[in-house]
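See below for the structure under consideration.
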Amino acid sequence: MIKPLLNLLILTLLSTIASAQNFPFGSYSQKEIDMKRYEADTSAHAVVLNEYGTSMLNVMGDDNIKIMFEYHVRIKILDAKGFDKGTVQIPFYSAGSDTWEDLDNIKGVTIYKDDNGNIQTAELDPSKIVSVKENKYWSYKKFAMPNLRNGAIIDYSYRLTTPFWDKFQPWHFQDDIPKVTSMYEVHIPAFWSYNVLMRGALKLTKNTSELEKACFSSHGATCDCSHFVYSIDNIPAFVEEDYMTSPKNFMSAIYFNLTDYTNLTTGAKIKVTQEWKDIDYNLKRADFFGSQLRRKDLLKQYITPVIAGQTTELAKAKAIYAYIQKTIKWNGFNSRGSDDGIRKALDNHTGNAADVNLTLVTALNSAGINAEAVLLSTRTNGIVNKLYPVANEFNYVIARTTIGTTTYLLDATDPVLSFGMLPVKCLNDQGRVMSLDKPSYWIDLTTKDKKTSTSSLDLTLQNDGKLKGTITTYSSGYQGYEKRKAIKKFNTIDEYVENLDERLGKIKILNSEILNLDSLDLPLSEKYEVEINAFDNLNHTRLAFNPFIFDRLTTNPFKLLDRTYPVDWGMPSDNRFVLTMRLPEGYTVESAPQGMAIGLPNQGGKFLTNFEGEGGYFTFSNITQFSKSVYAPEEYPYLKELYNKIISAEKAEIVFKKK
């Protein structure tokens with residue numbers, strides 16, 4: 001949830017007095033030293049006692065105007081599980097000599113009780129601060145706070161200076177540990193205007209502003225400043241759980257989007273936040289985006305032999321898609337724009353996500369198949385703010401084409417993705433279709449594919465207590481994609497099967513057959529001839545057997561009392577399991593699980609089991625089906641209870657007895 005606060009130009013007119021103050025470095029109270037647990041959250045392993053930050057636009061020593069952000073935090077480590085808070089990693093932009101960010105003034109201290117109960121301090125050694133170049137764009141500084149132990153208090157601070165006015169530091173009130181108080185102080189000269197957006201469910205405890213007279217001066221230009229203070233007290237920890245998009249979509253935080261600024265030399269007002277028509281105009285003419293889409297004639301020499309012999313648009317599109325998949329290897333970087341151009345990506349056989357998919361769009365158009373680029377934000381990058389268009393919130397691009405009456409969304413970065421399937425990372429709210437000849441527009445980033453598997457086990461119980469027979473599994477949609485990814489990690493299918501055999505424990509694979517590994521539009525077929533060490537021997541009056549041989553659910557992934565954010569699988573799922581078993585002569589089924597049928601409200605899903613048998617032959621089957629991609633927070637209790645019942649059902653055993 002995103003809530004606009006007000007444009008800063010309006011807020012400057014408010015008369016509320018803003019006041020804030022950083023807390024003394026290395027300070028502590030006896031109560032904080034003696035704290036054994038945090039009463040507001042007794043499960044917490046660490047708690048932020050105080051957090052303060054300040055950002056301001058200022059003239060730096062090199063006479064350039066930059067944003068200076070200072071951060072200071074004091075954290076109580078309650079037990080060893082909170083020690084990870086003592087390892088700190090701070091990222092900063094480091095591409096180019098003129099456009100990088102400066103990270104300095106790092107200092108830290110640990111306050112703790114020694115073995116004799118005396119209070120000691122240990123300062124962070126500057127030589128222990130390590131700089132690491134992560135990639136060509138980003139670096140980080142990393143350090144570990146000294147003398148960590150249960151009950152210690154760590155206190156550290158740093159300064160980050162950036163030349164990018166549109167990168168005004170956001171403030172994240174919420175984290176994975178609770179906070180007693182968190183405060184952010186902001187000073188913005190009137191030459192710059194920002195939209196302020198509040199995200200998350202928590203309410204501000206303090207939200208004040210005041211006007212600072214003649215606070216900024218540069219090259220003879222002077223202006224007043226807006227001074228804002230935002231704070232929240234008693235902040236609960238944000239607990240991440242399985243099946244969610246980016247936590248930052250839901251964690252309480254405040255963001256700043258630059259709308260315009262004044263050129264201090266000419267006095268002209270420069271508009272930054274634009275309407276979509278402005279973003280369309282700029283992107284269509286940008287070298288990294290629109291210019292690449294206009295090079296369809298350049299690609300004809302590559303594409304003509306690829307589509308030779310193909311008679312339909314769909315066949316041509318699939319041939320081009322497969323060609324791009326095989327020709328350009330994704331280098332692992334997400335991007336909304338090409339780095340070096342699509343021609344270079346083709347010639348070098350590598351590129352970022354935009355290189356790959358802009359080439360795909362252009363190649364399709366060069367073959368006479370109408371295609372468009374779609375800008376999106378991946379699941380880990382968060383949901384795009386639709387209130388104010390900001391192009392750099394997008395970090396990925398895919399292709400869109402309509403053939404006949406069917407629309408396909410395509411991503412050629414992964415050679416295992418079938419035509420028309422998006423990776424899960426791209427199934428995130430909406431994307432913006434960018435066409436060269438019409439205005440851009442939003443589309444939903446959903447999928448028609450499911451995650452589907454069907455397993456059939458045909459087993460016979462031998463006189464030596466072993467089960468022998470076949471296991472056949474068909475995996476379609478996203479289940480097929482995941483299985484293919486797992487198999488392709490190995491050099492050969494035989495290596496995969498050997499690894500699977502080792503992981504299955506009591507199940508020994510005697511023979512195997514895997515079909516359709518490279519036929520991405522067909523279900524992946526796995527057939528294994530197996531021998532299972534089910535019982536030591538049959539010298540027992542009764543034998544108990546659990547039919548859930550594979551992937552038995554033992555832990556509920558949903559543990560929260562209440563979940564304030566959706567359960568998002570990305571796609572519906574349908575898993576089916578059928579076991580057919582023959583018993584040795586002289587044995588029969590004494591008892592078996594009763595059939596079960598559990599459903600979610602509004603046909604949201606179901607879990608079914610069924611047992612049929614007579615004498616020494618029986619069939620046991622079950623279906624687990626979730627018919628929706630996303631479940632709202634109010635549906636969470638039903639999902640949680642369904643999983644509890646599934647876990648209970650999968651404990652049930654079938655009992656055999658001698659006649």
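The values are calculated or read from the model by the stated rules, or taken from the named source; none is laboratory data. All of these numbers come straight from a predicted model, not from anything done at the bench. Quick reminder, even Gly has a Cβ in these numbers, built from the backbone with ideal geometry, and neighbours come from all protein chains shown. Each accessible area value is taken on the protein alone, full model and side chains, heavy atoms only, with ligands, DNA and RNA left out. Shrake-Rupley method; radii C 1.70, N 1.55, O 1.52, S 1.80 Å.
Observations on the model:
- Conditions (1) open to solvent by 20 Å² or more (accessible area, probe 1.4 Å); (2) of a type outside the set (D, E, K, R); (3) assigned to a loop (DSSP other than H, G, I, E, B): number failed by Tyr565: (1)
- Failed condition for Ser377, given (1) open to solvent by 10 Å² or more (accessible area, probe 1.4 Å); (2) among the small types (Gly, Ala, Ser); (3) under 30 Å from Leu258 (Cβ atoms): (1)
- Residues located in segment 252-278, provided they are β-branched (Val, Ile, Thr) and either modelled with pLDDT under 90 or under 15 Å from Trp192 (Cα atoms) (or both): Thr259, Thr262, Thr265, Thr266, Ile270, Val272, Thr273
- Filter pass, Tyr194 being open to solvent by less than 10 Å² (accessible area, probe 1.4 Å), modelled with pLDDT under 95, part of a strand (DSSP E or B) and closer than 30 Å to Lys107 by Cβ: yes
- Among the residues of segment 40-82, the ones that are within 27 Å of the chain's Cα centre (by Cα) and in a strand (DSSP E or B) come to 9 in all.
- Residue ranges of strands (runs of 3 or more DSSP E) in segment 578-659 with at least 2 members of a type in the set (S, T, N, Q) and more than 27 Å from Met244 (Cβ to Cβ): 587-591, 605-614, 617-626
Conditions tested, residue by residue: (1) β-branched (Val, Ile, Thr); (2) out of contact with any Gly (no Cβ under 8 Å at 6 or more places or on another chain).
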{"position": "Gly431", "(1), (2)": "no, yes"}
{"position": "Thr446", "(1), (2)": "yes, yes"}
{"position": "Asp449", "(1), (2)": "no, no"}
{"position": "Ser455", "(1), (2)": "no, yes"}
{"position": "Thr460", "(1), (2)": "yes, no"}
{"position": "Asn463", "(1), (2)": "no, yes"}
{"position": "Lys489", "(1), (2)": "no, yes"}
{"position": "Glu502", "(1), (2)": "no, yes"}
{"position": "Lys506", "(1), (2)": "no, yes"}
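- Of the residues making up segment 255-281, those that are open to solvent by 70 Å² or more (accessible area, probe 1.4 Å) and farther than 30 Å from Phe69 by Cα are Lys277, Tyr281.
- Residue in segment 122-141 that is nearest to Trp100 (Cα to Cα), counting only those that are touching a Pro at 6+ places or on another chain (Cβ under 9 Å) and of a type in the set (Phe, Trp, Tyr): Trp138
- Residues in segment 118-141 that are surrounded by 14 or more Cβ atoms within 10 Å (Cβ to Cβ), among the polar types (S, T, N, Q) and within 31 Å of the chain's Cα centre (by Cα): Ser139 only.
- Within segment 446-475, tally of residues that are part of a strand (DSSP E or B) and open to solvent by 40 Å² or more (accessible area, probe 1.4 Å): 9
- For segment 377-395, the set of residues classified as touching an Asp or Glu at 6+ places or on another chain (Cβ under 8 Å), among the hydrophobic types (A, V, I, L, M, F, W, C) and not in a loop (DSSP other than H, G, I, E, B) is empty.
- Scanning segment 585-609 for residues that are under 40 Å from the mean Cα position of the chain (by Cα), of a type in the set (Gly, Ala, Ser) and open to solvent by 40 Å² or more (accessible area, probe 1.4 Å) yields a count of 3.
- All positions within segment 326-365 that are of a type outside the set (Lys, Arg), surrounded by fewer than 16 Cβ atoms within 10 Å (Cβ to Cβ), outside any loop (DSSP other than H, G, I, E, B) and touching a Ser or Thr at 6+ places or on another chain (Cβ under 7 Å): none
- Residues that are part of a loop (DSSP other than H, G, I, E, B), in contact with a Lys or Arg (Cβ under 8 Å, 6 or more places away or on another chain) and among the aliphatic types (A, V, I, L, M), drawn from segment 164-191: Ile177
- Evaluation of Ala144 against (1) touching a Leu at 6+ places or on another chain (Cβ under 8 Å); (2) of a type in the set (A, V, I, L, M); (3) open to solvent by 10 Å² or more (accessible area, probe 1.4 Å) (one fails), failing number: (1)
- Qualifying positions in segment 143-176 - farther than 25 Å from Val196 by Cα and of a type in the set (Val, Ile, Thr): Ile153, Ile154
- Residue, most open to solvent (accessible area, probe 1.4 Å), within segment 624-651, restricted to residues that are of a type in the set (Gly, Ala, Ser) and within 21 Å of Phe545 (Cα to Cα): Ser648
- For segment 83-108, a tally of residues being among the charged types (D, E, K, R), part of a loop (DSSP other than H, G, I, E, B) and either in contact with a Pro (Cβ under 6 Å, 6 or more places away or on another chain) or loosely packed, with under 15 Cβ neighbours inside 10 Å (or both) returns 1.
- Segment 128-158, residues that are hydrophobic (A, V, I, L, M, F, W, C), touching a residue at least 12 places away in the same chain (Cβ under 8 Å) and not in a loop (DSSP other than H, G, I, E, B): Val130, Trp138, Phe143, Ala144, Ile153, Ile154
- Residue that is surrounded by the most Cβ atoms within 10 Å (Cβ to Cβ), among those in segment 396-445 that are among the basic types (Lys, Arg) and in a strand (DSSP E or B): Arg432
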